[in-house]
Amino acid sequence: MKKIFATLVLSALMALPLSAQVKFGLKGGLNVTDMSLSSEVFDASNRTGFFIGPTVKVSLPLTGLAIDGSLLYDFRSAKVDNELNETKTIKQQQLAIPINLRYGVGLGSVASVFLFAGPQVGFNVGETDFNWKDTSNYSLKKSNFSVNVGMGVSLLTHLQLTANYNIACGKTADVTLVKAASDALGQVAGTQSRSRNNSWQVGLAYFF
C-alpha cells in the first residue's frame, strides 16, 4: 500500500498544470471523540489529542477543484479496559500524511465553503509496545492507513476552518484501495463496526 500511495501522490504532482496556484501554510487542530456545533467540542473531556504541521494547497484551473496535502505530528490518547476492568491510557504518536481532493463554492470575495475527501498514511514515531502489569502486553501498528471525509470554510484567502471524520482502515501493508473504500463506506453507513482509532478532527490552517 505504501508504494501505491507514493505512486498516486507522484502521479498527482506530475499531472498538475503550470497554471495551478500553490499556497503553503501551517495547520493544527484537535482530535475529538464527539462532534457537535457547540463549545463542548473543546472541553477537556472530549479532547483525545492534537495535530500540527505544514500544509500545502494546490488550486486547479478547473473551477472549485483543489488538492491539499500535509505533514502532521499527530498525538492521540484513549482509555481502554481489559477483562479485569482495569483501565489504562494508550498514547499514540505518529507522522500523518493526508492527501485530499476538494471541491469548493465561493461566497463572494470574503469566504468559500468546500467538501473534501482522501487517503491518509500514518507512521508511528512513539512507543509501540506496552505492558499491562506484566501479565499481558499489546502493540501499536508501525504504520496505518485511513480515509478522511469532511468539509471546511475558507476566510479572507488566508484562514481555513475544517471538520472531518478520520476512518481507520488497517495497516498500510494489509490495505488495498478497494478494501479501504469499502471499509470507509461501511463505517459511514453503519453496516460495519467502527475502529477505536476513528476520530473527529477540528482544524485551523493559515496560508501565507
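The values are calculated or read from the model by the stated rules, or taken from the named source; none is laboratory data. These numbers were taken from a predicted model, which means no experiment stands behind them. Neighbour counts run over all protein chains shown; Cβ positions are idealised from the backbone, glycine included.
At a glance:
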{"item": "Options Val56, Val41, Val22: the member that is modelled with pLDDT of 90 or more, β-branched (Val, Ile, Thr) and in contact with an Asp or Glu (Cβ under 9 Å, 6 or more places away or on another chain)", "result": "Val56"}
{"item": "Pairs, first within 28 Å of Arg76 (Cβ to Cβ) and of a type in the set (Gly, Ala, Ser) in the range 87-114, second modelled with pLDDT of 90 or more and surrounded by 15 or more Cβ atoms within 10 Å (Cβ to Cβ), C-beta under 6 Å, six or more apart", "result": "Ala96/Leu72; Ala96/Asp74; Ala96/Gln120; Ala96/Gly122"}
{"item": "Enumeration of residues in the range 59-76 that are more than 17 Å from Leu95 (Cβ to Cβ) and surrounded by fewer than 17 Cβ atoms within 10 Å (Cβ to Cβ)", "result": "Pro61, Leu62, Thr63, Gly64, Leu65"}
{"item": "Matching residues in the range 98-124 - criterion: being surrounded by 14 or more Cβ atoms within 10 Å (Cβ to Cβ), farther than 16 Å from Thr162 by Cα and hydrophobic (A, V, I, L, M, F, W, C)", "result": "Val121, Phe123"}
{"item": "Filter result for Asp81 (at pLDDT 60 or above, acidic (Asp, Glu) and closer than 20 Å to Phe116 by Cα)", "result": "no"}
{"item": "Every residue from the range 45-78 that is more than 16 Å from Phe114 (Cβ to Cβ) and part of a loop (DSSP other than H, G, I, E, B)", "result": "Pro61, Leu71"}
